[in-house]
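Colleague: Dumping the structure here so I can ask a few things about it.
The values are calculated or read from the model by the stated rules, or taken from the named source; none is laboratory data. Keep in mind that this is a model prediction, so the values were computed, not measured. Glycine also receives a Cβ, built like all others from the backbone with ideal geometry; neighbour counts cover every protein chain displayed. Each accessible area value is taken on the protein alone, full model and side chains, heavy atoms only, with ligands, DNA and RNA left out. Shrake-Rupley method; radii C 1.70, N 1.55, O 1.52, S 1.80 Å.
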Amino acid sequence: CDYASVSCPDVTGISLRPFVEHPEEPGRPFLVSELHPDPANLEMQGRLVRTERHKYIAFSEGNDSEQLFDLKNDPGETKNLVGASDAESVLFEHQTLLAQWCRDTSDDFHPRQQLEN
């Protein structure tokens, strides 16, 4: 919308233009994406938190309702680190980032793992 000089709909995101035009400038420490992985089940939602090194995905329902990947050591995302004792702090960091994002943006997403606790 920024490049087309048209008004932007009300969204929680920001223009990518500054990052495209000034790639040397630091970006955000993380980003969040909304997921709707099953078109037949619109109640199932997911959120993805991407930091420089890790990707964390949480779903509202289903198997593997949490996933954490180390993108440096596992770029193919073949090993889910949820449950690995050496990844507990990274998992907690990403869960906290998601919870704060949901509060800050009034996102009513509820990860399955929080409902079970």
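Colleague: Determine how large the accessible area of LYS55 is when every protein chain is in place; take a 1.4 Å probe and give Å² rounded to the nearest 10.
Modeller: Estimated to the nearest 10 Å², LYS55 gives 40 Å².
Colleague: Order HIS22, HIS94, most accessible first, counting only protein heavy atoms with a 1.4 angstrom probe.
Modeller: Descending order: HIS22, HIS94.
Colleague: Would you mind computing, in nm to one decimal, how far apart the modelled labels at VAL6 and SER85 are, each placed 7 Å from Cα along Cα→Cβ?
Modeller: Roughly 5.5 nm, to one decimal.
Colleague: I would also like to ask the following. Under a Cβ-only charge scheme (Lys and Arg +1, Asp and Glu -1), can you give me the dipole magnitude of the chain about the Cα centre, in debye to the nearest 20?
Modeller: For the chain, the charge dipole is close to 160 debye.
Colleague: Running a GNM on the chain with Cα contacts under 10 Å, which residue among ARG103, ARG50, ARG17 ends up with the highest mean-square fluctuation?
Modeller: Residue with maximal mean-square fluctuation among ARG103, ARG50, ARG17: ARG17.
Colleague: Check the chain for me: any Cys whose beta-carbon has no other cysteine beta-carbon within less than 4.7 Å?
Modeller: Among the cysteines of the chain, those whose Cβ sits 4.7 Å or more from every other are CYS102.
Colleague: Another one. Along the Cα→Cβ direction, 7 angstrom out, place labels at LEU31 and GLU43. What is the inter-label distance in nm?
Modeller: 3.2
Colleague: Counting only protein heavy atoms and using a 1.4 Å probe, what share of the accessible area of segment 18-117 belongs to carbon plus sulfur, as a whole percent?
Modeller: Whole-percent figure for carbon plus sulfur exposure: 50.
Colleague: Okay, next question. In Å², what does the accessible area per residue of the chain work out to with a 1.4 Å probe?
Modeller: Heavy-atom SASA per residue in the chain reads 69 Å².
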